[in-house]
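To keep things clear, I will list the structure first and then write my remarks on it.
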Amino acid sequence: MSSKDSCQNPNMNQQTSTEVIRGKKLDISEAGLYAYAATCSLTLAELFPDPCDHDYNRLCVKMICRHLKLNERVEPVMIFLSEGQSGQSHNTYIALLLEESNLKGKTILVVQDLVLLAVHNGEYDSRQRVLVRRISELLNVPFQLVEFYEHSLVRLLSEDHNVQTDVEQQETKRRHKVRKIKRYAAISLATIGGGTLLGLTGGLAAPLIGIGVGTILGGASAAALGSTAGVAIIGSLFGVAGAGLTGYKMKKRVGEVEEFEFQPLTLANYGAIDEQLHIAIAITGWLNDEADDNVVRPWQALAASREQYALRYETKYLIELGQALEYILSMAVSLATQEALKYTILSSLVSAVAWPAALLSIASVIDNPWSVCCRRSSEVGKQLAHVLLAKQHGKRPVTLVGFSLGARVIYYCLREMAEIGGGKGIIQDAILLGTPVTNNKSEWEKCSKVVAGKFINGYCSEDWLLRFLYRTLSMSSGVAGLMPIKCKKIMNIDLSSIVGGHSEYSDKLSELLAFVGLNTKNSQVFDTESGLKKSNSEMPYMEKVQSNLRSSKSEMCLRSSKHVTVPSTMPSN
């Protein structure tokens, strides 16, 4: 659900897709359902407070109310809450949800229900995923579990993507898929936080904690999973080709852009690239060598999604820039200009005449490749905007992350999407580090309108090299990579404690990603046995979850495939 059109005119059979997702209501009281809707409404008001977002908030609220089958008199109240004028907080409604007996220790049910509702039209709007993320925080559900649930959802829906249309085989296939769902339900058990059992049932079935598989979905709906309706959802989410961005390559030159394609990132802790309900695109700022992996190598620590890509663009020019950066840095040291540069920065003198003459004498070495790459990166950003607007990646939320000229690519991508229109609901988060663009408030506000979640400007005020490269612009305006942006949607993060200059962004990228809040291979995750936080280096999160699934299989086989009882000693969330 991303817009009025997607709500009213989904690209699939509305009745069939609704059957797959809705089924029965959550097994909670009317007060609990009201609290669920109110929590979502207030969260929408918190996340999307601008008047231009009110229409979208209203559509969300109406959809949630219909999904929960609330009394029609409740809907106007929820719409009022979503407009942010009620003065109410989440606390009361969260407390009501936590008091529900059927949600004790398993508030992930609510989050999973939201995910199912979000994808039922075959489109996962980035604003919906930001809502899911925030609700999981409020209900104290680790978002890693939500991501695993999304992954399982894709796996279950994708297994029979090539469903045959022979009418005579339909009944056999239906029975086969029902058995498959039960198998997932029987073995998918993950443990977190003090032994609390959360059934992660391969994705579409509700967690099996004292409830049956059809509690949320209903028996008929569960049987339809992986059927033609399931294939339709996957086809819509991932696009007709179903290959994500892996197969995309610019067919002809666009303006000055000569090279533009996506290269999959392989994560050591996740394995090969895998289709997900959320993707990440990483964009580098320059290249240090001509190796085949020069584009992906800086991003090997990134773990923002199980489906990640590095944008390969204009590598010939980025290599030239990398060589020029290395040369000017070595010359700066050999010319003993470091003390002069520090003095220049400390005195905040940005006029060209303040720069040491020795450094200015070799400026031509870098000015030309820098100018060429700046110009081309802005064109690459516009091309990326058109790729995303055309839904080449499917109808899924995207996280963009880049440093230096890679961040400039993202800036121009967001600006192009805002200017063309129709870009809302695509970008979930945008993380820009050391961005060589203006800090003009109005331009950044324009960009922020197409970012649903986190919009981060990582800067380093002591970055003398960026100041030098952008010395002409800095005489009349500020540079985003050197200072905070005065825009309410922007989260400004000072990176000076990690990087001391522009050249360090590439070398310290892993630390920077973790510092701004992105998941990395070395980030802290929940130990699924103890409930304590544990380093991924000790045991990757997904590997640990899979290990728990395997170890739980023998125990689960002793239980009924229709019902799992929760031990009375289990703690609540």
### Query
If all Cα-Cα distances of the range 450-513 are sorted into 10 Å bins from 0 onward, what percent lands in each bin, rounded to whole numbers?
21, 48, 29, 2
### Query
Which net charge results for the neighbourhood of ILE366, defined as the other residues with beta-carbon distances under 15 angstrom from its beta-carbon, given Lys and Arg at +1 and Asp and Glu at -1?
-1
### Environment charge of GLY478, counting only residues whose C-beta is closer than 11 Å and scoring Lys/Arg +1, Asp/Glu -1
+3
### Task
Subtracting the Cα-Cα distance from 0.36 nm times the residue separation, let me have the gained length for GLN85 to LEU329 in nm, one decimal.
82.4 nm
### Task
Work out, step by step, the length gained on full extension between LYS449 and GLU46: first 0.36 nm times the residue separation, then minus their alpha carbon distance; give nm to one decimal.
143.6 nm
### Task
Amide H neighbours of THR399 under 5 Å, at least 5 residues apart or on other chains, H built in the peptide plane: list them.
ILE279, ALA280, ILE281, GLN428, ASP429
### Message
Given a Förster distance of 30 Å, report the FRET efficiency between PHE143 and ASN102 from their Cβ-Cβ distance, rounded to the nearest 0.05.
### Response
0.85
### Task
With 22 Å as the limit, write out which pairs from LYS446/LYS486; LYS446/LYS521; LYS382/LYS521; LYS69/LYS449; LYS62/LYS391; LYS449/LYS486 have Cα-Cα distances beyond it, or answer none.
LYS446/LYS521; LYS382/LYS521; LYS69/LYS449; LYS62/LYS391
### Task
May I ask for the net charge around MET417, where only other residues with Cβ less than 12 Å from the Cβ of MET417 are counted and Lys, Arg are +1 while Asp, Glu are -1?
+3
### Task
Sort ASP53, ASP289 from largest to smallest accessible area, using a 1.4 Å probe on the heavy atoms of the protein chains.
ASP289, ASP53
### Message
Show me, for the range 306-323, the HN-Hα J-couplings you get by feeding each phi into the Karplus relation (A = 6.51, B = -1.76, C = 1.60, θ = phi - 60°), rounded to Hz, glycine and proline as x.
### Response
7, 10, 10, 9, 9, 7, 9, 9, 6, 4, 4, 7, 5, 5, 4, 5, x, 5
#### Entry: Per residue accessible area in Å² of the range 26-121, where ligands, DNA and RNA are left out and the probe is 1.4 Å
39
### Query
Between rounded, prolate and oblate, where does the range 354-413 land on the alpha carbon gyration tensor, with a ≥ b ≥ c its root eigenvalues, rounded for a/c under 1.5, else prolate if a/b exceeds b/c?
prolate
### Length added when fully stretched, ARG66-SER371, from 0.36 nm per residue minus Cα-Cα
104.4 nm
### Summary
Along the range 478-490, Karplus-curve 3J(HN,Hα) (6.51, -1.76, 1.60; θ = phi - 60°) to the nearest Hz, with x for Gly and Pro, reads x, 10, 4, x, 10, 7, x, 9, 7, 9, 5, 7, 7
#### Entry: Long-range HN-HN contacts of ALA310 with modeled amide H, under 5 Å
GLN263, LEU265, ALA282
### Query
If amide H atoms are built 1.01 Å from N in the plane of the peptide, which residues on other chains or at least 5 residues away come under 5 Å of the amide H of ILE493?
ASN457, GLY458, TYR459
### Task
Evaluate the Debye formula for the range 373-448 with equal point scatterers sitting on the alpha carbons, no solvent, and hand back log10 of I(q)/I(0) at q = 0.12, 0.17, 0.18, 0.22 Å⁻¹, in q order, two decimals.
-0.28, -0.57, -0.65, -0.98
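The values are calculated or read from the model by the stated rules, or taken from the named source; none is laboratory data. A quick note: this is a predicted structure, and the numbers were derived from the prediction, not measured. As a convention, Cβ positions derive from the backbone with ideal geometry for all residues, glycine included, and neighbour counts pool all protein chains shown. Just the protein is used for accessible areas: all its heavy atoms, side chains included, with ligands, DNA and RNA removed. Shrake-Rupley method; radii C 1.70, N 1.55, O 1.52, S 1.80 Å.
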